[in-house]
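To keep things clear, I will list the structure first and then write my remarks on it.
The values are calculated or read from the model by the stated rules, or taken from the named source; none is laboratory data. From a predicted model like this one, the values you see are computed outputs, not experimental measurements. Cβ coordinates were reconstructed from backbone atoms using ideal geometry, including for glycine residues, and neighbour counts include every protein chain displayed. Heavy atoms of the whole protein, side chains included, go into the accessibility calculation; ligands, DNA and RNA do not. Shrake-Rupley method; radii C 1.70, N 1.55, O 1.52, S 1.80 Å.
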Amino acid sequence: MAVRNKADLLRGNLDLMVLSVLRKERLYGYLIQQRLATASGGRVNVQAGTLYPLLHRLEADKLIRSSWDDSTGRRRKWYELTAHGQRQLVRQAHAWREHADCLRTMLAPVLRLSSQ
Amino acid sequence: MSDREFENYLTLLASLLRLSGSQREAVASELRDHLEERVSHLTARGIAREEAVGRAISEFGDAARLAGELSKIAELKRRRWIMRVTTGSLAVTAALVLAVFTLWPDARHGVAPEQAVAQEGAAEVEVVEEGKVPGVVEQIVSDQACGRSVGLSRRDRETQRKLETTTNAFYEDEPLRNVVRALGKDAGIQVLIDKAALDSVGYSGETTVSVDLQDLPLSNVLRIMLRDLQLTYIIKDGVVVITTPDVAEQELSTRIYDVSDIMGVQAGSSEMDAAAVAAAIGKRTNNLISILTSKKESQSTEVVLRQAVLQAAEMQNMIDNLKKWSSARDSAMDSLFDVLTGTIEPETWEEIGGPGSIRWYRTYLIIHQTDRVHHQVEALLEGMCTAMGDRLGKARPELSAEDFGIEKTPGTTGGRGGGGGGGFY
């Protein structure tokens, strides 16, 4: 039950997470999946069946763009942030901090109570 | 074995994608790459290859769901692309035309003479039109007076024509049967009595009638005589049938009325249809594109732009004319509808629940009604023609097929399309 809720919370913010792992580097699908897992400390495990539609949607929205190349010895589809994606990432990261701060403040008494 | 399983999954998925071949191939190879990487990752952790393949595939989940989602996204992308391209090319065209008009001082002078030529061309056609050049539409309406119905069967029309023969009728207490037989014989038409209908209101062929009418069309004689008995007549298959209004009411027939004169639109322009106008505009668009894309070495940019501007100006002209013409026609038709359905037995039209209907096509009215209403429609239309008189010819909007660069059907006119656009025809 608790785990389920956690998964839901994370899923709602997957777009932002994907944009954040692409912030500094160009990655292909499998690597994006790996980076999401490591960057989240193993908390985020996106299934392939979820990841690819998400990537294609972000590309359709022009937040990321893709290109094929075989620099790794394999022909692969690489994704990178667009300028628009970069701006959206920064904007949404700020919005998220606001949101998180707000929740933290409001939930602080609850958390204090339960930890006692 | 395991690679076969990959391929099976990918083939299934690809077949479910609603995408073009190359897009489908791209999706499949992206997913194949992921599956292979995942399997080698899992086997490196000591998992048996077969199990690794199964797990990698199961992580993708149901092929149908995944294919559906990916297709939906691709469709969204395609639609956005089309929208952008359309908006983009419109903007480019607009910017080009604007730039040419602003940057090139003689542009307006360059176009003006061409328009003058176009108008001259139309004026010539106008003169020819008044001389009644035989054309397709002309032939249909040639023997028809303004506002006359043109859609009756030949036999019905013949009968109707004969009903207009001037008649003298003097009968006193004569059985109806004898009277109608005699009247019909004089006019050369068959007149029958609908026995069942008359029986239902207590009459028969033996019912006596008295009339004393002189120099009236037979149709009026019949109508006046039958009115006293609260009977009426209809024309069916070329035969005049004496019956009750109830039965006549149910006998609806369709007639077509040519109202081009009343609407103030030339008969010739009724030949115009949307497809022809669209084709004419499409031709100019193609001309414009080919001028802009196939500039020859020998042509200066100025010449090319000049030609492009001519084509663009012609297109604008045609579109303006089309708007003018169709809005004039629509409002003329609307008011004609109101006049007809509002003054002639208003309760018989379908808009307030009656059986009769009225539609229009080009400059023809198509009316499905009882003969009685048809008769009144015809009389009203003829009355309007007379009232409007000869002014019609002069008051017409000066628009014709030529204004849209549509060539008339052969034999109608030798007139060339409006405006010579520098040999691009």
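R0 = 22 Å: FRET efficiency of A:GLN34 with A:LEU103, Cβ-based, nearest 0.05? It would help to have the intermediate numbers written out before the result.
Numbers: r = 29 Å, r/R0 = 1.32.
Taking R0 as 22 Å, the efficiency between A:GLN34 and A:LEU103 is 0.15.
How well do other chains shield peptide B:43-56, expressed as the mean number of their Cβ atoms within 10 Å of each residue Cβ?
Shielding by partners across B:43-56 averages 0.
Considering only protein heavy atoms, what per residue accessible area in square angstrom results for the range A:3-114 with a 1.4 angstrom probe? Don't skip to the answer; put the middle values down first.
Details: 6690 Å² over 112 residues.
Result: 60 Å² of accessible area for each residue.
For chain A, with all protein chains present and a 1.4 Å probe, just round the carbon and sulfur fraction of the accessible area to a whole percent. Walk me through the numbers before you get to the answer.
Working: 3980 of 7210 Å².
Carbon plus sulfur share of accessible area: 55 percent.
Can you pull out the trypsin sites (Lys or Arg not before Pro) in the range A:22-111 whose DSSP state is coil and whose Cβ has at most 14 other Cβ atoms within 10 Å? Please report the intermediate quantities before stating the final value.
Numbers: sites: A:ARG23, A:LYS24, A:ARG26, A:ARG35, A:ARG43, A:ARG57, A:LYS62, A:ARG65, A:ARG74, A:ARG75, A:ARG76, A:LYS77, A:ARG87, A:ARG91, A:ARG97, A:ARG104; in loops: A:ARG23, A:LYS24, A:ARG26, A:ARG43, A:LYS62, A:ARG74, A:ARG75.
In loop regions of the range A:22-111 (DSSP not H, G, I, E or B), the sparsely surrounded trypsin sites (Lys or Arg not before Pro) are A:ARG23, A:LYS24, A:ARG43, A:LYS62, A:ARG74, A:ARG75.
Relative contact order for chain A: what is it in percent, counting Cα pairs under 8 Å that are at least 6 residues apart?
Details: 94 pairs, mean separation 28.4, N = 116.
The value is 24 percent.
Computed on protein heavy atoms with a 1.4 Å probe, what is the summed buried accessible area for the chain pair A and B, in Å² to the nearest 100?
Details: alone 8180 and 23850 Å², together 30050 Å².
It comes to approximately 2000 Å² buried between A and B.
Using each residue's phi in the range B:56-69, evaluate 6.51 cos²θ - 1.76 cosθ + 1.60 at θ = phi - 60° and report the 3J(HN,Hα) Karplus result to the nearest Hz, with x for Gly and Pro.
After applying 6.51 cos²θ - 1.76 cosθ + 1.60, I find 4, 5, 5, 5, 6, x, 4, 4, 5, 5, 4, 4, x, 5 Hz.
Given H placed 1.01 Å from N in the peptide plane, which residues other than close sequence neighbours of B:THR208 have an amide H under 5 Å from its amide H?
HN-HN under 5 Å from B:THR208: B:LEU176.
What angle do you read, to the nearest 10 degrees and between 0 and 90, between the alpha-carbon axis of helix A:83-115 and the longest principal axis of chain A?
20
Please list, in order along the range B:32-49, the HN-Hα scalar couplings obtained from phi with the Karplus expression 6.51 cos²θ - 1.76 cosθ + 1.60 (θ = phi - 60°), rounded to whole Hz, x for Gly and Pro.
These are the phi-based 3J(HN,Hα) values: 4, 4, 5, 4, 5, 5, 5, 5, 5, 5, 5, 5, 5, 8, x, 8, 4, 3 Hz.
Accessible area of B:GLU30, 1.4 Å probe, to the nearest 10 Å²?
Estimated to the nearest 10 Å², B:GLU30 gives 10 Å².
Output the pairs from B:LYS77/B:LYS323; B:LYS77/B:LYS283; B:LYS195/B:LYS236 with a Cα-Cα distance over 26 Å in this structure; if there are none, say none.
Over 26 Å apart, Cα to Cα: B:LYS77/B:LYS323; B:LYS77/B:LYS283.
Between B:LEU229 and A:ALA93, how many nm apart are label points set 7 Å from Cα along the C-beta direction?
Inter-label distance under the simple model: 10.0 nm.
Between B:LYS236 and residues 5 or more places away or on another chain, which pairs have amide H atoms under 5 Å apart, with H built 1.01 Å from N, and which residues are they?
For B:LYS236, whose amide H was placed from the backbone, the distant partners under 5 Å are B:VAL241.
Which trypsin sites (Lys or Arg not before Pro) in the range B:4-71 pass both tests, a DSSP loop state and at most 14 other beta-carbon atoms within 10 Å?
On the way: sites: B:ARG4, B:ARG18, B:ARG24, B:ARG32, B:ARG38, B:ARG45, B:ARG49, B:ARG55, B:ARG65; in loops: B:ARG18, B:ARG45.
Counting only loop positions with at most 14 other Cβ atoms within 10 Å, the trypsin sites (Lys or Arg not before Pro) in the range B:4-71 are B:ARG18, B:ARG45.
What's the FRET efficiency of B:ALA387 with B:ILE319 using the Cβ-Cβ distance as r and R₀ = 35 Å, to the nearest 0.05? Working shown, then result.
On the way: r = 34 Å, r/R0 = 0.98.
Efficiency for this residue pair is about 0.55.
What does the charge count near B:GLU251 come to, summing +1 for each Lys or Arg and -1 for each Asp or Glu among other residues with Cβ under 14 Å from its Cβ?
On the way: positive: B:LYS236, B:ARG255, B:ARG372; negative: B:ASP156, B:ASP194, B:ASP237, B:ASP246, B:GLU249, B:ASP371.
Around B:GLU251, the charge tally is -3.
Rank these residues by their accessible area, most exposed first, probe 1.4 Å: B:PHE337, B:PHE170, B:PHE6.
Values: B:PHE337 45, B:PHE170 135, B:PHE6 5 Å².
Result of the area sort, largest leading: B:PHE170, B:PHE337, B:PHE6.
What is the calculated FRET efficiency for B:GLU25 to B:ARG155, with r their C-beta to C-beta distance and R₀ = 56 Å, to the nearest 0.05?
0.25
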